[in-house]
Amino acid sequence: MLAAIFRGYHHLSIVEHRVAEPTGLKRKSRRILVVEDEPSIAGFVRRGLHFEGYDVDVVPDGPGALRRLRDSPPDLLVLDVMVPGVDGIEIARRLRAAETAESLPAIPILMLTARDAIADRVTGLRAGADDYLVKPFDFDELLARIEALLRRTSIASPEESARETLRYADLVVDLAGRTVRRGGRDIHLTAREFDLLVLFLHHPEKVLPRSTIMTRIWGDDFFGDSNVLEVFIANLRRALEAAGEPRLIQTVRGVGYVLRGAARS
């Protein structure tokens with residue numbers, strides 16, 4: 001399966017990675033792969049993240065990034081869209097396909113690009129990115145977004161582990177393992193898709209306004225108006241309904257969304 005996904009990189013596969021808490025001294029155990037072909041940006045990001053205590057690898061092209069992801073998966077991927085060989089959009093797609101094929105945890109992806117149009121952001125998010133940062137950017141914002149993504153993919157706290165399973169209809173979510181099943185089917189989600197689903201499961205049958213969802217899932221990382229939420233809702237619905245199951249996430253027009261078994265007027 002991976003041989004086809006990675007087109008020529010045979011025999012080895014992405015190995016399962018474990019994510020620890022990204023605070024204090026434990027930051028030193030977190031590995032970040034930066035895929036960036038502009039030396040000035042790559043050096044700026046590498047030095048800054050090293051200073052903050054992260055282990056950082058830099059790869060300047062797509063084929064090298066795919067090999068590194070295959071051989072030594074990081075805890076987080078900072079991915080430029082316009083890298084040579086294989087572009088960032090295709091790298092994200094192949095990574096998500098490989099993770100799904102092998103039932104591996106989703107590596108958080110922060111995508112970097114000089115393109116700031118809504119359509120470009122949507123393309124990146126649909127390819128599997130968890131967040132999107134437009135160049136030029138301030139390092140403090142980059143760091144904040146990285147820390148936010150790592151928090152969302154961290155191992156469950158003792159409080160979460162005590163109530164580690166959430167259920168609704170035929171949907172079962174394991175908070176500690178960050179796994180999702182519907183009926184007898186495993187469902188693979190990105191970090192933010194998982195967080196979005198958990199938010200709905202914590203508030204079943206309750207209409208969540210769009211602004212509430214954006215604040216809870218994206219917080220201060222989100223700037224301006226866009227259809228980012230709609231893209232993630234569409235991705236989540238596709239994953240939950242891939243085997244023809246009935247819709248669980250309903251649209252409440254002019255308000256937001258609700259987790260319930262059937263649309264109501």
Legend entry - All positions within the stretch 81-97 that are in contact with a Ser or Thr (Cβ under 8 Å, 6 or more places away or on another chain) and assigned to a loop (DSSP other than H, G, I, E, B): V81, M82
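What residue, of V78, V173, is in a strand (DSSP E or B), buried (at least 20 other Cβ atoms within 10 Å of the Cβ) and not assigned by TED's automatic domain parsing to the domain that holds F51? Show your work before the answer.
Working: V78 fails: not assigned by TED's automatic domain parsing to the domain that holds F51.
It is V173.
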Legend entry - So I5, is it modelled with pLDDT under 90 and under 26 Å from T123 (Cα atoms): yes
Legend entry - Residue in the stretch 49-75 that is surrounded by the fewest Cβ atoms within 10 Å (Cβ to Cβ), counting only those that are among the small types (G, A, S) and either modelled with pLDDT of 95 or more or in contact with a strand residue (DSSP E or B) (Cβ under 9 Å, 6 or more places away or on another chain) (or both): S72
Legend entry - Tally of residues being assigned to a strand (DSSP E or B) and among the polar types (S, T, N, Q) across the stretch 110-152: 1
Inset, instruction - Can you give me the number of residues within the stretch 98-109 that are touching a strand residue (DSSP E or B) at 6+ places or on another chain (Cβ under 7 Å) and either assigned to a loop (DSSP other than H, G, I, E, B) or surrounded by fewer than 22 Cβ atoms within 10 Å (Cβ to Cβ) (or both)? - result: 3
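The values are calculated or read from the model by the stated rules, or taken from the named source; none is laboratory data. Model, not experiment: these values are computed from the prediction. All Cβ positions, even for glycine, are placed from backbone atoms using ideal geometry, and neighbour counts span all protein chains on display.
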